[in-house]
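Novice: One structure, as structure tokens, below. Some questions next.
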Amino acid sequence: MPSFMLIGMVFFIALGAPIAIAILAASIGGITLFANLPLVVVAQRLMTTIDSFPLMAIPFFILAGNLMEAGGISKRLVEFAKSLVGGVQGGLAASCVLTCMIFASVSGSSVATTFAIGAIIIPAMIRHAYPKPFAASLQATSAELGVIIPPSIPLILYGVSAEVSIGELFVGGIGPGLLIGAALILFVLVYCRINGWGKDDHIGRVPLLRATKEAAWALIMPIIIIGGIYRGVFTPTEASVVAVFYALFVGTVVYRAIGWGEFFSVLRRSVIASTIIMFIIAAAGVFSFLLTRAGVPMAISAWITSIVDNPAMFLLAVNVFLFVVGMFIETSAAIIVLAPILVPVAIAYGVDPVHFGLIMVVNLALGMITPPFGVNLFAACQVAQVPLERIIRHLVPFVLVIVTCLMIITYVPDLTLFFRNLAFGR
């Protein structure tokens, strides 16, 4: 049955079916032909999968991100980032990375970050004579921080699937997120200097004091969210609700950028985005249930331990496997299906499940910027109005930077566990 389901899923994806439909169709086929189960199990598992309190954070963080965009918060964050690093050659490109880091600390979604920040920073980079393909590839890569820096929707999914503390995962994501952000900023500054781009990035730069004052409400937001989780004031799910109310207050009362028309538009976009993600999660839950029932996790665990004799080789093999999976399978679905399978094996090798969660999320996030199904690429290309094939050449160096950071995250566990241990007294 597992082989049939996997082949069926690949077949439906190849036909162009949405990932959720492909997974669900393969699961129904497996039940009908092989499992001695009634079809009502499909409906039961669909509901059971999403009947989870931590998963409630997903629609709220999506709504918070959209409210930030509509409320003018993202625009002020861009101006703040430009005031910090925009005075040097390549500073506008570095501002893109820095803004995405700040925005990611509330939105939790890379696609939301791509649209919210890309709609502002990509046209600005084009006006400053940056090539369109470079601007699009930089935005797509920087937005990947949206699923690494807490709060993160994929980390929530991993925590639910692997039964790992979401609070610990969020705090553990700080180190890897800062590493990738710093590496990207350093790279773009050197890369732009080599190519002669961004020599006039200082033009139109707002003074730091003024930019900080205008962005103060926006900058306080991640401090409240991450600080509240860190101090145990509220859970990650409760933090998502706080983020919504704070973004709504700032957008309507402070910046006065959200009226009734904008508010209902934001709600509509958030409902559609949340529905898509939750449908994928529910379908992947059915798929994962059937694989577990068929004994796949135990079989894979026994097979891996028979051919890999040390944790370092296990992590290398997992990274190669996840990189390939991420290119073809949507991140949420991959986590729901694979986390219950791989986490017990990782624990058997002595790998901390929080550390493994960051490895898994960072790796699968690469799939968002690699063809053929990189969602960030499609979003950035849409914003920049540039064909996908034109940005590949500029994308390769960014992928290599992320892969280098992934290897550091993989083999230096303290980068992930230091903040976790500090926050939770481990």
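The values are calculated or read from the model by the stated rules, or taken from the named source; none is laboratory data. Because the structure is predicted, anything quoted here is derived from the model rather than measured. Neighbour counts are summed over all protein chains in view; Cβ atoms, including those assigned to glycine, are modelled from backbone coordinates with ideal geometry. The accessibility values were calculated without ligands, DNA or RNA, using every heavy atom of the protein model including side chains. Shrake-Rupley method; radii C 1.70, N 1.55, O 1.52, S 1.80 Å.
Novice: Consider region 273-315. How many of its residues are loosely packed, with under 13 Cβ neighbours inside 10 Å and more than 22 Å from SER3 (Cβ to Cβ)?
Specialist: 4
Novice: Test VAL88 against the stated conditions and say whether it is within 18 Å of ALA334 (Cβ to Cβ), among the β-branched types (Val, Ile, Thr) and open to solvent by 30 Å² or more (accessible area, probe 1.4 Å).
Specialist: So VAL88 does not fit the description; no.
Novice: Right, another one. Mind checking which pairs have a first residue in region 348-361 that is closer than 16 Å to ASN421 by Cβ and a second that is aromatic (Phe, Trp, Tyr) and not in a helix (DSSP H, G or I), Cβ under 7 Å, 6 or more apart or different chains?
Specialist: Nothing qualifies.
Novice: While we're on this one: Being under 24 Å from VAL399 (Cβ atoms), open to solvent by less than 40 Å² (accessible area, probe 1.4 Å), part of a helix (DSSP H, G or I) and at pLDDT below 85 is the requirement here; does GLY228 meet it?
Specialist: Criteria not met by GLY228.
Novice: On to the next question. Can you pull out every residue in region 364-380 that is assigned to a helix (DSSP H, G or I), surrounded by fewer than 24 Cβ atoms within 10 Å (Cβ to Cβ) and modelled with pLDDT of 80 or more?
Specialist: The one that is assigned to a helix (DSSP H, G or I), surrounded by fewer than 24 Cβ atoms within 10 Å (Cβ to Cβ) and modelled with pLDDT of 80 or more: LEU366.
Novice: When you scan region 322-340, do you find a residue that is modelled with pLDDT under 85, closer than 17 Å to MET407 by Cβ and part of a helix (DSSP H, G or I), even just one?
Specialist: yes
Novice: For residues that are in contact with a Pro (Cβ under 8 Å, 6 or more places away or on another chain) and hydrophobic (A, V, I, L, M, F, W, C), scanning just region 354-368, find the one that is nearest to ILE166 (Cα to Cα).
Specialist: The extreme case among them is LEU358.
Novice: Which helices (runs of 4 or more DSSP H) does region 1-104 wholly contain that include 2 or more residues that are within 20 Å of the chain's Cα centre (by Cα) and in contact (Cβ under 8 Å) with a residue 24 or more places away in the chain?
Specialist: 19-33, 57-70, 73-85
Novice: ARG256 versus (1) open to solvent by 80 Å² or more (accessible area, probe 1.4 Å); (2) modelled with pLDDT of 80 or more; (3) assigned to a helix (DSSP H, G or I): which is the lone unmet condition?
Specialist: (3)
Novice: For GLY72, state whether it is open to solvent by less than 30 Å² (accessible area, probe 1.4 Å) and under 30 Å from PRO207 (Cα atoms).
Specialist: Yes: the conditions hold for GLY72.
Novice: Same structure, new question: Restrict the check to region 7-19 and report whether at least one residue is surrounded by 21 or more Cβ atoms within 10 Å (Cβ to Cβ) and of a type outside the set (S, T, N, Q).
Specialist: yes
Novice: What's the number of the only condition in (1) open to solvent by 60 Å² or more (accessible area, probe 1.4 Å); (2) modelled with pLDDT of 85 or more; (3) closer than 23 Å to MET56 by Cα that ILE223 fails to meet?
Specialist: It fails just one condition, (2).
Novice: Take ILE50 and decide whether it is in contact with a helix residue (DSSP H, G or I) (Cβ under 6 Å, 6 or more places away or on another chain) and open to solvent by less than 10 Å² (accessible area, probe 1.4 Å).
Specialist: no
Novice: Sticking with this one: Within region 102-147, which residues are more than 28 Å from LEU169 (Cβ to Cβ) and of a type in the set (Val, Ile, Thr)?
Specialist: Matches in region 102-147: ILE120, ILE121, ILE122, ILE126.
Novice: Tell me, yes or no, whether region 187-197 has at least one residue that is open to solvent by less than 60 Å² (accessible area, probe 1.4 Å), in contact with a helix residue (DSSP H, G or I) (Cβ under 6 Å, 6 or more places away or on another chain), of a type in the set (Phe, Trp, Tyr) and modelled with pLDDT of 90 or more.
Specialist: yes
Novice: Ok, one more. Name every residue in region 327-360 that is within 19 Å of ILE276 (Cβ to Cβ) and open to solvent by less than 40 Å² (accessible area, probe 1.4 Å), in order of residue number.
Specialist: ILE329, THR331, SER332, ALA333, ALA334, ILE335, ILE336, VAL337
Novice: In a helix (DSSP H, G or I), surrounded by fewer than 24 Cβ atoms within 10 Å (Cβ to Cβ) and not polar (S, T, N, Q) - does that describe any residue in region 140-161?
Specialist: For region 140-161, residues in a helix (DSSP H, G or I), surrounded by fewer than 24 Cβ atoms within 10 Å (Cβ to Cβ) and not polar (S, T, N, Q): present.
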